[in-house]
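These notes are about the structure you will find just below.
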Amino acid sequence: MAKYQLKINGNTHEVEADPQTPLLWVIRDEVGLTGTKYGCGIAQCGACTVHMNGNPIRSCSVPVAAASTQSITTIEGISEDQSHPVQKAWIEAQVPQCGYCQSGQIMSAVSLLKRKPSPSDEDIDSAMSGNICRCGTYTRIRKAIHTASKEISNGSN
Amino acid sequence: MEATNGINRRKFLKITGISGAMLAVGFDSLAAGLSKDSVVKAIMAEDFVDGTALHPFVIISEEGPITIMATIPELGQGINQGIPAIIAEELEVDLEQVNIVKSSASRKYGAQSIGGSRNTRMLYTPMRKLGASIKEVMVQAAANRWGVGTSDCEAKSGMVHQKGTQKSLSYGELVKEASKLDMPEKPMLKAKKDFKIIGKPMPRPDLSLKVSGRADYGIDAQPEGLLYATVERCPTLQGTLTSYDKDAVMAVPGVVKVMTVTRNVYGNENTGVAVIAESYFAATQGRKKLNAQWDNEAFTKISSESIREEMLELADQDGYEHVEKGNFNQSQMDGSGEVEVLYELPYLSHTCMEPMNATVHVKTDGTCEVWAPSQRPQIQRQFASELGIPENEAEDKIKVHMPYLGGGFGRRSMNDSLVECFQISKELKKPVKLIWSREDDTTQGPFRQQTMHRMKAIFGEDGKPIGLQHKMISQAITTQGRPGRNRLPFEVMEGINTHYDIDNISSRFVEYTGQVPIHWWRSVFGSTNGFAHEGFIDEVAIQANEDPLQFRIERLRSEPRFVKVLERLKKEANWDQKLPDNEGKGMAIVESFGSIVAHAVFLKKENGKVSIPKVVSVVDCGTYINPNQVEAQLESSIVYGLTAAMKDPITIKDGAAVQANFDTYRMLRMNEAPRAVEVHIMENDEAPGGMGEPGLPPIAPALTNAVYDLTGKRIRSLPFDLQKV
């Protein structure tokens, strides 16, 4: 066991964990932010996606030791009140069904739109195919990304 | 976020599943005086709802807020909103006026199970009556106060108005008096034309939680002092535990206990070894040291292949009769041509995105608190008997939270993870969260059934079909562990359409008894029967030299609802339009769980890749509550069904499931999903049909019928690789 300082959503958390503990479990069980989900543990499904230093990572496959002092953003941190353009677009398109995969979907979408504010459908396929949705919300996700893209592109003008 | 006496506010809100706005009572006053080790009284969401309950489902506060309890487990099908919406309609309140609060599991809410796409169908009329009864006592209370007749009053948007005057009273102002009146036995229900809520798109209240990581799923439960558990189970599903290395596991830092747990799967008691630790990571590290050994020789000989061979041997048997129209055997002798083919489908896992899990706290004071992400959450009586609690005290002493479910698809109607977790917590008298790893979840079953279908068609001299037989060979769900029932199990012939106007139709079931456990899976036998039946009907149509869609229209004239759906599909899919050579189209229609769904799948081959540019769907689900949810459930069933058709099977080899995680049990992803799904809903006044499952059975045959159209290749065995056609 070792002590780590984790910078999550702008706050610093002191945690104690085995260095090899996947960041996912530390975020969920030690810090108490359960919006990031466990889906597979082998970086195949995307449910655990968070941002580290602005880039999407699979927190199930990153040991907490590697995340120490890095800047982490989870789903809870992208807005105070569901006001991020991606969240608003997700609600407008009524995207979630069971919703379990959606934290990861949104984190991947936010990351895509940061890199490409006006993504093509192929860009969306590329960026989002790492996130599995068992409830089949893919067509709505695509639509919501295009909607969010319009708001983000307008905002940056 | 500061912890208050060990209970974190955010965790608390998540645990109880109520939004911050609903929390009327000061948080600190609740938490005050509680230490980490004290026995905390289990607090359920409904404990916070202020007001008078005219019925457990409807609580109206004198201050104004109207609460409708959402009592059916929400697994993505939107029932949490759908049922309250039905009540609100007849209650004459606007959805914006209503707080929908997710309830706990309790018999005071009646039946709370989900499955079979049943709930809207079963609850539509009773919930309308409930809303209407409460409205009527409100009107009566207002009439009493004003000294007028009820026909002089009108209810609207949570207020009662005296017609022709400015007088009005809110439900909040009336509730105390209304609560003293008798609820009418036969309230008047609204005419459909007067519906303000039902039938219109309505935004779901759980979505804002689900886009911000605040929805409480079972796996998110975090009572204080939580321990984490993982269970090693026999790889061949059944087998006897002979040894394991307890000392090696206990030596792993963080591990606090190693013990056996037993789950009953359709009559088989399956024992596994649980490792319990202070963190989930430590538990999984401990589990790696177990070296569990099993006596399972008898099961290692089982494989998908051996099962297939055994089924093939049964295919000549007569089995049970389902439908015998005319005389199929005679038609075989009278006909001039015969086609006989075999259709086959594999075992499949449910693969909810949230793997199986449960959290249970058997407390030192003899009470129990449970977080049950279950399709059958009323677990009190089962646990009460294990704890020696009298049945009439079960509900008081055992509190069951109903978190959101990260998918169910039928798997969560089996409470085996709850039972395993309960055994651990009962032993330790601590809160325990049991998480099934994705590998556990995929490989341990129970599964969607493996099936074989012997299809026969007899043709007359004019080349038209005069006979059709669908003989289905499979295990049945309801006869597992219950030998000797000797009649057709009710669930196995779902989705076989015997309405087709062919003179001699025979559908029969030959029961296969196997060791691999099966269970309800989205659309159950519709998922396997639909593929074989509608794939074969397509073959028959083409053999008879007819367009597959028109063939169905002509031969379903006796069933107008089918014909209307088919004609609508023909129009919306532009079916008669000739496609270029690199495109194909296929369709299928199946009735299941009270609704009729037809899909047209369009395929395109370009740059060596085959894609699905579009699916056009037509659904007749009778009266529907939220058209947005109807569309969403169709989109959902399409993706679930396409995954089953095109991605990996569960292969049994040496008695164990081969596929374990998403690297070998692959899912349909954004890039392979249909680019567009167009849904058209038939409008009629029929009773509500189900919507969670009916979209699934027709998608696989529509897809393979499109493959035939595109390539001339007939797919009769699933799954297949779309890129290799």
Exercise for review: Over the Cα atoms of the stretch B:61-177, compute the convex hull volume and normalise it per residue, giving Å³.
Suggested key: 107 Å³
Exercise for review: Take chain A, connect every pair of alpha-carbon atoms lying under 10 Å apart with a spring to form a Gaussian network, then pick out the residue of A:49, A:147, A:69 with the largest mean-square fluctuation.
Suggested key: A:69
Practice item. List every residue whose amide H lies under 5 Å from the amide H of residue B:592, counting only residues 5 or more places away in sequence or on a different chain, with H placed 1.01 Å from N in the peptide plane. Key: B:597
Review point. Any idea what Rg and Dmax come out to for the stretch B:607-725 if you just take the C-alpha atoms, in Å?
Key: 16.3, 53
Point to revise | Cβ neighbours within 10 Å from other chains - mean over A:136-149 | key: 4
Practice item. Obtain the nm distance between the two label points defined at residue B:313 and residue A:118 by a simple spin-label model: each point lies 7 Å from its Cα along the Cα-to-C-beta direction. Key: 6.7 nm
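May I ask you to list the trypsin sites (Lys or Arg not before Pro) in the stretch B:492-595 that are in a DSSP loop and have at most 12 other Cβ atoms within 10 Å of their Cβ?
B:557, B:578
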**Study point:** Computed label-point distance, nm, for sites residue B:426 and residue B:185 using a 7 Å Cα→Cβ extension
**Key:** 4.4 nm
Review point. Given the stretch B:600-672, what whole percent of its Cα pairs are spread farther than 15 Å?
Key: 67 percent
Exercise for review: Under a cut-off of 23 Å between alpha-carbon atoms, report the lysines in cross-link reach of residue A:150, not counting same-chain residues fewer than 8 places apart.
Suggested key: A:88, A:114, A:116, B:210
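Within the stretch B:370-478, which trypsin sites (Lys or Arg not before Pro) sit in a loop by DSSP and count at most 15 neighbouring Cβ atoms inside 10 Å?
Listed in order of number, the matching sites are B:429.
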Revision key, fill the gap. Here the whole-number average of other chain Cβ atoms within 10 Å per Cβ of A:35-48 is 6
Revision key, fill the gap. Note on chain B, DSSP bridge orientation, antiparallel percent to nearest 5 equals 75 percent
Review point. For chain A, modelled as a Gaussian network with Cα springs under 10 Å, which listed residue fluctuates most, A:95, A:110, A:15?
Key: A:15
Point to revise | Average Cα contact separation per residue, chain B, under 8 Å, 6 or more apart, as relative contact order % | key: 14 percent
Exercise for review: Work out the length of the dipole vector of chain B about its Cα centre, built from +1 on the beta-carbon of each Lys and Arg and -1 on the beta-carbon of each Asp and Glu, and round it to the nearest 20 debye.
Suggested key: 1240 debye
**Study point:** Sequence-distant residues sharing a close amide H with residue B:265 (under 5 Å, placed H)
**Key:** B:270
Exercise for review: Treat each spin label as a single point 7 Å out from the Cα along the C-beta direction, and report the residue B:582 to residue A:71 distance in nm.
Suggested key: 4.6 nm
Check your understanding: Considering the stretch B:282-336, what Rg and Dmax in Å follow from its alpha-carbon atoms?
Key -> 23.6, 71
Practice item. Identify the residues of the stretch B:262-293 with backbone N under 18 Å of a label point that sits 7 angstrom from the Cα of residue B:300 along the Cα-to-Cβ direction, or state none. Key: B:291-293
Exercise for review: Give the value in nm², to one decimal: projected area of the alpha carbon convex hull of the protein assembly as shown, averaged over all directions.
Suggested key: 39.2 nm²
Check your understanding: Counting only other chains, what is the mean number of Cβ atoms within 10 angstrom of the Cβ of each residue in peptide B:674-680?
Key -> 2
Point to revise | the stretch B:234-249 - phi-based ³J(HN,Hα) in whole Hz, Karplus 6.51/-1.76/1.60, Gly and Pro as x | key: 5, x, 8, 6, 10, x, 9, 5, 10, 6, 7, 9, 4, 4, 4, 6
Practice item. Kindly provide the helix-only [θ] at 222 nm of chain A, computed as the sum of -39,500 (n - 2.57) over DSSP H runs of four or more divided by all residues, to the nearest 500 deg cm²/dmol? Key: -10000 deg cm²/dmol
Point to revise | Proximal lysines relative to residue B:288, as straight alpha-carbon distance under 29 Å, when same-chain residues fewer than 8 apart are discounted | key: A:3, A:37, B:246, B:257, B:301, B:426, B:429, B:430, B:433, B:653
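Looking at the stretch B:394-539, send over the antiparallel percent of its DSSP beta bridges, to the nearest 5. Don't skip to the answer; put the middle values down first.
Details: 9 of 18 bridges.
In the stretch B:394-539, approximately 50 percent of DSSP beta bridges are antiparallel ones.
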Review point. How large is ³J(HN,Hα) for each residue in the stretch B:703-713, as worked out from phi by the Karplus curve 6.51 cos²θ - 1.76 cosθ + 1.60 (θ = phi - 60°), to whole Hz, x for Gly and Pro?
Key: 5, 6, 5, 5, 4, 4, 4, 6, 10, x, 9
Check your understanding: From the square roots a ≥ b ≥ c of the eigenvalues of the alpha-carbon gyration tensor of the stretch A:12-91, which class results: rounded (a/c under 1.5), prolate (a/b over b/c), or oblate?
Key -> prolate
Exercise for review: Using the structure shown, list the pairs from B:156/B:192; B:163/B:193; B:102/B:186 with a Cα-Cα distance above 19 Å, or answer none.
Suggested key: B:163/B:193; B:102/B:186
Check your understanding: Between residue B:334 and residue B:193, what FRET efficiency follows from the Cβ-Cβ distance if R0 is 41 Å, with the result rounded to 0.05?
Key -> 0.20
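Restricting to bridges with both residues inside the protein assembly as shown, how much of the DSSP beta-bridge set is antiparallel, in percent to the nearest 5? Don't jump to the answer; show the numbers that get you there.
Working: 104 of 135 bridges.
Of all bridge pairs located within the protein assembly as shown, approximately 75 percent are antiparallel.
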Review point. On full extension of the chain, what length is gained from residue B:687 through residue B:163, given 0.36 nm per residue of separation minus the C-alpha to C-alpha distance?
Key: 185.3 nm
Exercise for review: Could you pull out every one of the lysines with an alpha carbon less than 17 Å from that of residue B:108, ignoring same-chain neighbours closer than 8 positions?
Suggested key: B:397, B:399
Practice item. Taking the dipole about the Cα centre of the protein assembly as shown, with the C-beta of Lys and Arg at +1 and of Asp and Glu at -1, give me whichever of B:48, B:622, B:347 is farthest to the positive side. Key: B:48
Point to revise | Backbone N within the stretch B:308-350 under 11 Å of label point (7 Å from residue B:543 Cα along the Cβ vector) | key: B:336-342
Check your understanding: Where does the Debye-calculated log10 I(q)/I(0) of chain B sit at q = 0.10, 0.11 Å⁻¹, using only Cα point scatterers of equal weight, no solvent?
Key -> -1.06, -1.22
Revision key, fill the gap. Amide H proximity to residue B:256 below 5 Å, modelled H, separation 5+ or other chain, gives B:276, B:277, B:278
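We did not get these values from a lab; they are worked out from the coordinates using the rules stated. Everything numeric in this text was worked out from a predicted model, so none of it was measured. In this analysis, Cβ positions are derived from the backbone assuming ideal geometry, glycine residues included, and neighbour counts consider all displayed protein chains.
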